[in-house]
1. Looking only at segment B:145-159, count every residue that is touching a residue at least 60 places away in the same chain (Cβ under 8 Å) and either within 14 Å of chain A (Cβ to nearest Cβ) or outside any helix (DSSP H, G or I) (or both) and tell me the total.
2. Yes or no: segment B:219-228 includes at least one residue that is within 14 Å of chain A (Cβ to nearest Cβ), more than 31 Å from the chain's Cα centre (by Cα) and either over 30 Å from residue B:148 (Cα atoms) or crowded, with 22+ Cβ neighbours inside 10 Å (or both).
3. Under 6 Å between Cβ atoms, which residue pairs at least 6 apart in sequence (or on different chains) link something in segment B:302-329 that is more than 9 Å from chain A (Cβ to nearest Cβ) with a partner that is surrounded by fewer than 16 Cβ atoms within 10 Å (Cβ to Cβ) and at pLDDT 95 or above?
4. Mind checking which residues of segment B:349-376 are assigned to a helix (DSSP H, G or I) and over 28 Å from residue B:404 (Cα atoms)?
5. In segment B:87-102, which residues are over 25 Å from residue B:17 (Cα atoms) and either buried (at least 22 other Cβ atoms within 10 Å of the Cβ) or at pLDDT below 95 (or both)?
6. Is there a residue being assigned to a loop (DSSP other than H, G, I, E, B), exposed (fewer than 15 other Cβ atoms within 10 Å of the Cβ) and without any contact (Cβ under 8 Å) to a residue 12 or more places away in the chain anywhere in segment B:160-174?
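The values are calculated or read from the model by the stated rules, or taken from the named source; none is laboratory data. All values reported here derive from a predicted model rather than from experimental measurement. Positions of Cβ are generated from backbone atoms using ideal geometry, with glycine treated the same way; all protein chains shown enter the neighbour counts.
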């Protein structure tokens, strides 16, 4: 429906898109929205291209969207942003991780990783480029890249009033809470810096 | 209190609240999490992994006849395996309430076909409900149990991937304890000899008439009235898409109870609207019933019956409303197919097997199906659970007689072997097939997300149990030549292949090493030690021959410009397969 907003998170199986979406949905529910989230399990997860869709508003019907419908595309990997760009509204926003994961045909030398991916996306849509991998590594754990991007998303979508720290605490293991909260704030800062 | 739950979590919660006492399933995407979640209610619910779906459905029937409320869950193709008991339960009916969940997979996210299991309800003459979201999934399990007991029928609950794996808000309730019904021996109901079944068929037809009356009355089938211009009849996830597209510009007949269909309600609704759309994913199940009554409607003449729907497809098909899309060149984007994980024991196995000439490799359903993809390319067929061995046997019989140069190697996982592979191996021994059966025992059911099975030594609810020894089992079946190997030791594996290829009787190679993703159990730790350190490439020694790359390891990258391999230390788990295939010893271990 008209007031429903749609977030599309894409990446590569194993990058933690599902956990990020889980925290995102938890925060949105806590904030009083009706929320639907759709994820993919099974065969498609094994290093393949994965997508999670989160939709929120007063009343949400469909859990998934077609092309030209996402308000924001958050891509955990550069080429995946290009694969899914047609799902973005023409005036939609993109948060893209400046991070490349070569797919099987590229590893095998049967295809090239496309050049100028980020430049193409920037030409086509309002885009923030976040070096989430570097931020995560600087924090001491490359795996929290997903939460860095979640922080960036929250800032880019202007969803900063939500109690994200609680959503993180409720959804990650106890000894990873602090680093994930830190990662979230670094992600928000990355968007702020991009504004300057 | 409201909670954000997947459809599968909601089914489990509904079953718990409905007082279910017994549940069984074989894991299969997109149904797996139903039993995983039910298993958490250890005090109230007996929840089990069955070796296959037929066994799951039959155990659930046994629990029902014994007086319990029971549930079985499976993916769509699993219901094919369970079809035999399903059709006869249609005749016998139940004692305690009984529901079977079928989780269909439109779009084939993780399946070998996209069959529409709604036809099973009609074919097996059992009632059917179809939820559209998680709240309905929960409510319908509770309602289905009541319908089951009221009408003495099994209820088929048909879900689809997007209902199973989408999260939406669900109101959490309390469990209502339901007493176990008395067990009564009743030959006229459960002893389905021909004379009994003949009488039961009469009962079934009468029951269906009463169920159709119920279908016309129940609030599971309801009207949302907005306008007389456009009417939409829909069920399941397709209803949510239709609502998204038409909003308040259409009236809806929302069908939640879809067998028998409420034909009276449908006729009344159709008469009131100028244009009638039937919005269904996959087959024209509802539409066929409507057209058979001579009612005009627009459905599959516009909406595709292949792959899953979404709001865009519904809008384009019915309203010719094309979305505005950002245009760009997609041709340079490389594919990203799923791959075997770094450190996967199947990689070593398929690398070794791929070097054999004049073989037909019959594969099966599991992660190892990926052994058929590039660069391993070590599989000729994959059809359905267990087919690798039996299909291989049939092919082998023909090769033995007409094409002597060919050898058959069948490949099946541990869980799939327990599922339906055992019968097929009996066929191989009984009918004397000189073929090689390889059982890839990675100590867990992997593809569906690390479930226990009869070989792991643990039950679904975490109890220690007898671990079936595959080697003893195949020997008991009558296979005289059996070897167990570590597939990540290529010398050991290749020697076993040489040995098996030289035999003129059936043989079994058990490839035994735990899944790279498996958290080792206490039992596992006694037998296996994970490798330490990471593999890395000495660039000076690398000659760019690509052998390591051709193992298909996602941690190994080949730079086309400087013609050297490199290994990503984040992904590498140090399995050492690449070290074994490198001809110049350019790969070495660090951090051991």
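1. Number satisfying all stated conditions: 6.
2. First, pick out the residues of segment B:219-228 that are within 14 Å of chain A (Cβ to nearest Cβ): B:224, B:226.
Those left that are additionally more than 31 Å from the chain's Cα centre (by Cα): B:224, B:226.
Imposing the further condition that a residue be either over 30 Å from residue B:148 (Cα atoms) or crowded, with 22+ Cβ neighbours inside 10 Å (or both) reduces the set to B:226.
Yes: one or more hits.
3. B:317/B:302; B:318/B:302
4. Taking segment B:349-376 as the starting set, the residues that turn out to be assigned to a helix (DSSP H, G or I) are B:349-354, B:367-372.
Correct list: B:367, B:370.
5. Here is the first cut: in segment B:87-102, the ones over 25 Å from residue B:17 (Cα atoms) are B:87-88, B:90-92.
Matches in segment B:87-102: B:90, B:92.
6. no
One line per residue, one yes/no per condition, for (1) outside any loop (DSSP other than H, G, I, E, B); (2) touching a strand residue (DSSP E or B) at 6+ places or on another chain (Cβ under 9 Å); (3) not assigned by TED's automatic domain parsing to the domain that holds residue B:496:
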| position | (1), (2), (3) |
| --- | --- |
| B:378 | no, yes, no |
| B:405 | no, no, no |
| B:409 | yes, yes, no |
| B:416 | yes, yes, no |
| B:423 | yes, no, no |
| B:426 | yes, no, no |
| B:429 | yes, no, no |
| B:433 | no, yes, no |
| B:438 | yes, yes, no |
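Every residue, every condition in (1) within 14 Å of another protein chain (Cβ to nearest Cβ); (2) over 23 Å from residue B:456 (Cα atoms), yes or no:
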{"site": "B:1", "(1), (2)": "yes, yes"}
{"site": "B:37", "(1), (2)": "yes, no"}
{"site": "B:73", "(1), (2)": "no, no"}
{"site": "B:90", "(1), (2)": "no, yes"}
